[in-house]
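Chemist: The structure follows.
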Amino acid sequence: MKSTFLLLLALPCMSYASLLDENLLVTLPTGYKMDFQNKQGTIVTTEMVPQAESVSNWTEMVTTQVFLGSKINNVTLAQFQTYMGKTWLAACKDGNVTPLKNGKENGYDFSLWVQTCPLNSATGKPENTWFKAIKGNDSFYIVQKAFKFDPTKEQVAQWTQYLRSAIVCDTRLVESPCPTSK
């Protein structure tokens with residue numbers, strides 16, 4: 001079984017027709033650039049920041065992680081969310097973890113939640129991160145949007161919609177179809 005991670009707008013020459021097997025579909029947000037990508041073992045990480053920022057100096061960031069066919073596939077979404085929440089709360093004294101939605105999209109279970117920290121001791125700033133985890137058949141997928149400030153209601157709405165648009169599809173499965181044209 002194979003998984004592919006695809007940033008659709010980062011690869012404008014690519015079409016949906018070239019998709020094979022299981023894929024995470026996310027777009028490069030308008031005004032953003034891909035500033036970091038790494039594959040370490042079975043984990044593929046991509047970090048995107050506004051054009052004028054970098055991964056070493058950012059105020060906003062979108063991160064994707066794909067755990068390729070790894071042992072994390074035995075982890076439930078609830079277990080992953082609990083682990084991420086405990087890690088967050090250990091690092092942020094007055095932090096909070098708020099589940100937002102669990103469900104199924106395009107045949108895959110997903111979980112959406114937000115983790116807030118009023119004052120990150122490492123940066124001296126607040127940090128707010130929205131997470132979407134999707135449990136694939138071949139891999140486990142995470143898309144996150146982080147702010148080093150308190151976002152406005154408009155920003156929350158915009159980025160919640162962005163997370164909703166991130167989906168997993170599989171060219172092999174009728175119940176989890178990939179788009180067929182671009």
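The values are calculated or read from the model by the stated rules, or taken from the named source; none is laboratory data. Not measured: the values here are computed from a predicted model. Here Cβ is always computed from backbone atoms with ideal geometry, including for glycine, and neighbour counts include all displayed protein chains. For accessibility, only protein heavy atoms count, side chains too; no ligands or nucleic acids. Shrake-Rupley method; radii C 1.70, N 1.55, O 1.52, S 1.80 Å.
Chemist: How large a share of the accessible area of the chain, in percent, is made up of carbon and sulfur atoms when the probe is 1.4 Å and the other protein chains stay in place?
Modeler: Carbon and sulfur atoms account for 56 percent of the accessible area of the chain.
Chemist: Here's another thing I want to ask about it. So what's the angle, to the nearest 10 degrees on a 0 to 90 scale, between helix 77-91 and the longest Cα principal axis of the chain?
Modeler: Between helix and principal axis, roughly 30 degrees.
Chemist: Then there is this: Could you state the accessible area per residue of the stretch 42-138 in Å², with a 1.4 Å probe and every protein chain left in place? Display every interim value, and only then the final one.
Modeler: On the way: 4840 Å² over 97 residues.
Per residue, the stretch 42-138 has an accessible area of 50 Å².
Chemist: Next question, about the same structure. Against the longest principal axis of the chain, how steep is helix 153-165, in degrees 0 to 90 to the nearest 10, with axes from Cα atoms?
Modeler: Tilt of helix 153-165: around 30 degrees.
Chemist: Could I ask something else about it? Assigning unit charges at the beta carbon (Lys, Arg +1; Asp, Glu -1) and nothing else, what dipole magnitude in debye, to the nearest 20, does the stretch 20-162 show about its Cα centre?
Modeler: 300 debye
Chemist: Here's another thing I want to ask about it. Please list, ordered by chain and number, the residues whose modelled amide H lies under 5 Å from the amide H of LEU28; skip anything fewer than 5 residues away on the same chain.
Modeler: Residues meeting the amide H criterion: LEU8, LEU9, ALA10.
Chemist: Quickly estimate the mean residue ellipticity at 222 nm for the chain, helices only: each DSSP H run with n ≥ 4 gives -39500 (n - 2.57), and the total goes over all residues, rounded to 500.
Modeler: Working: 2 runs with 28 residues, N = 182.
Value at 222 nm, helices only: -5000 deg cm²/dmol.
Chemist: Roughly how big is the stretch 111-174's charge dipole about its Cα centre, with Cβ charges of +1 (Lys, Arg) and -1 (Asp, Glu), in debye to the nearest 20?
Modeler: Working: 8 positive and 5 negative charges, 6 e Å.
My answer is approximately 20 debye.
Chemist: Which whole-angstrom value gives the distance between the alpha carbon centres of the stretch 88-112 and the stretch 128-182?
Modeler: Centre-to-centre distance over Cα atoms comes out at 12 Å.
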